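Reviewing the structure listed below.
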Amino acid sequence: MKHNFINFIKGMFIGIANIIPGVSGGTIAVILNVFDQIINAINNFSKDIKKNLSFILPLGLGIVFSILVFSSFLEFCLNNYSLPTNLFFVGLVCGSIPIIYKKSILNGMKSYYILLTLMSATIVILISMIKSNNISNINEEIEILFLAKMFLGGFLAAAAMIIPGISGSFVMILLGIYPHVIHTISNISKCFLNISDKNFLINTGVTVAALGFGIILGILFISKVISFLMDKFYGATYSAILGLVIGSVYGIFSTPITYQSGVNSFTIMVSAVTFTIGAIISYFLGEKN
C-alpha cells in the first residue's frame with residue numbers, strides 16, 4: 001500500500017508537468033526514478049501482467065488525477081505565482097542530476113558520454129528557442145480534419161512527453177492544438193453538468209477519443225525505441241538523458257509563462273524556497289525507488 005501511494009504521488013507530479021509548457025513529463029519521470037520502470041512495464045506488459053499492472057495503475061491514476069483535479073489550481077499558480085511555481089520544477093530537475101549521473105556511469109564512464117550530454121542539452125536549448133504564434137480558434141468545429149489533427153498532435157506530443165527534456169505541452173503549442181486540449185480537459189468535468197446536451201457530450205467524447213488514441217500509440221511507439229536504446233546502450237542513453245534534463249532548465253527559464261505574474265524581491269525569496277523544496281523532494285523520491 002505504501003509503495004502504491006508513493007507511485008500515485010509520483011504520477012501526480014508527472015501529470016502536472018505534462019500540462020505545463022516548457023516542463024517535461026519525461027524529465028519528471030527520470031527525476032523520480034521511475035523512467036526505466038515505465039518503459040519496461042509498457043514494453044513487457046504481457047510478460048507479467050500482475051506485476052506491471054500493480055506499477056502502472058497507481059502511477060497512471062496519479063497522472064490522470066492530477067491533470068483533472070489540479071489543472072485549475074496549476075493555472076491559478078502560474079497566473080499569480082509563476083516564478084515560484086516554475087522554480088519548484090527547476091528544483092525538481094536540479095535535485096535529480098546526481099541520481100541521473102550515477103545511472104549514466106553505472107557500467108563505467110566513457111569519454112564520448114560527455115559529448116552526448118552536451119549535444120542533447122544543446123538540442124533542448126535550440127528547441128526551447130523556437131517561438132510559435134500558432135494558436136488555433138478554440139471553437140473550431142468537430143470535423144474529420146480537426147480530429148486527424150488532434151490524433152496526430154496527441155501522437156507527437158505523447159512521444160515528446162516520454163522523452164526527457166522535451167515538453168509535450170510545448171509540442172502541442174507548436175502544433176496549434178494546446179488550447180483545444182486544455183479546453184477538452186476542462187469539458188470532461190463539465191460533462192456531468194451537461195448530461196442532457198447530447199451534442200456537447202458527443203463532441204467532447206469524439207475529441208477525447210481522437211486525442212487519447214494518438215497519445216496511446218505515441219507512448220507505445222517511442223517506448224519501444226527508448227527500450228531498445230537502454231537495452232543496447234544504457235550508459236550512453238542516460239548520458240543523453242542527463243543532457244536533456246540539464247537543457248530543460250533553460251527551457252523553463254526561457255518560457256514567458258515563468259515571468260508572467262511579475263518578478264520582485266518577494267517572489268525571488270519565495271522562489272528560492274520552492275526551488276529548495278523541489279530539489280529535496282526529487283532527490284529523496286528518486287532515491288526511494
Qualifying positions in the stretch 86-136 - exposed (fewer than 14 other Cβ atoms within 10 Å of the Cβ), under 25 Å from Ser271 (Cβ atoms) and modelled with pLDDT under 80: Met129, Lys131
Test Leu244 against the stated conditions and say whether it is free of Cβ contacts under 8 Å to residues at least 60 places away in the same chain and either touching a Ser or Thr at 6+ places or on another chain (Cβ under 9 Å) or exposed (fewer than 13 other Cβ atoms within 10 Å of the Cβ) (or both). no
Scan the stretch 246-279 for residues that are among the aliphatic types (A, V, I, L, M) and outside any helix (DSSP H, G or I) and jot them down. Val263
Going through the stretch 70-85 in order, the residues found to be within 18 Å of the chain's Cα centre (by Cα) and either surrounded by 14 or more Cβ atoms within 10 Å (Cβ to Cβ) or among the charged types (D, E, K, R) (or both) are Phe70, Ser71, Leu74, Glu75, Cys77, Leu78, Ser82, Thr85
Screening Asp48, Asp36 for residues that are within 20 Å of Ser104 (Cβ to Cβ) and at pLDDT below 85 leaves only Asp36
Those residues of the stretch 224-247 which are touching a Phe, Trp or Tyr at 6+ places or on another chain (Cβ under 9 Å) and among the hydroxyl-bearing types (Ser, Thr, Tyr) amount to Tyr238, Ser239
Those residues of the stretch 1-33 which are more than 13 Å from the chain's Cα centre (by Cα) and either within 28 Å of Ile123 (Cα to Cα) or in contact (Cβ under 8 Å) with a residue 60 or more places away in the chain (or both), in sequence order: Ile6, Ile9, Asn33
Identify all residues within the stretch 67-81 that are at pLDDT 85 or above and in a helix (DSSP H, G or I); write none if there are none. Asn80
Which one of Ile28, Ile9 is out of contact with any Asp or Glu (no Cβ under 9 Å at 6 or more places or on another chain) and buried (at least 18 other Cβ atoms within 10 Å of the Cβ)? Ile28
Can you run down the residue pairs with Cβ atoms below 9 Å, 6 or more apart or on separate chains, where the first is in the stretch 249-277 and on the phi > 0 side of the Ramachandran plot and the partner is among the polar types (S, T, N, Q) and surrounded by 13 or more Cβ atoms within 10 Å (Cβ to Cβ)? Gly262/Ser82
Within the stretch 230-241, restricting to residues that are assigned to a helix (DSSP H, G or I) and surrounded by fewer than 16 Cβ atoms within 10 Å (Cβ to Cβ), the one that is modelled with the lowest pLDDT is Asp231
Answer from Asn18, Asn4, Asn52, Asn44 - the residue that is over 29 Å from Asn86 (Cβ atoms) and crowded, with 18+ Cβ neighbours inside 10 Å: Asn52
For the stretch 204-229: of the residues being of a type in the set (Val, Ile, Thr) and crowded, with 16+ Cβ neighbours inside 10 Å, which is nearest to Met150 (Cα to Cα)? Thr207
Among the numbered conditions (1) under 25 Å from Ser248 (Cα atoms); (2) touching a residue at least 12 places away in the same chain (Cβ under 8 Å), tell me where Phe73 comes up short. (2)
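The values are calculated or read from the model by the stated rules, or taken from the named source; none is laboratory data. This is a predicted model, so every value here is computed, not measured. Methodologically, a virtual Cβ is constructed for each residue, glycine included, from the backbone with ideal geometry; neighbour enumeration extends over all protein chains shown.
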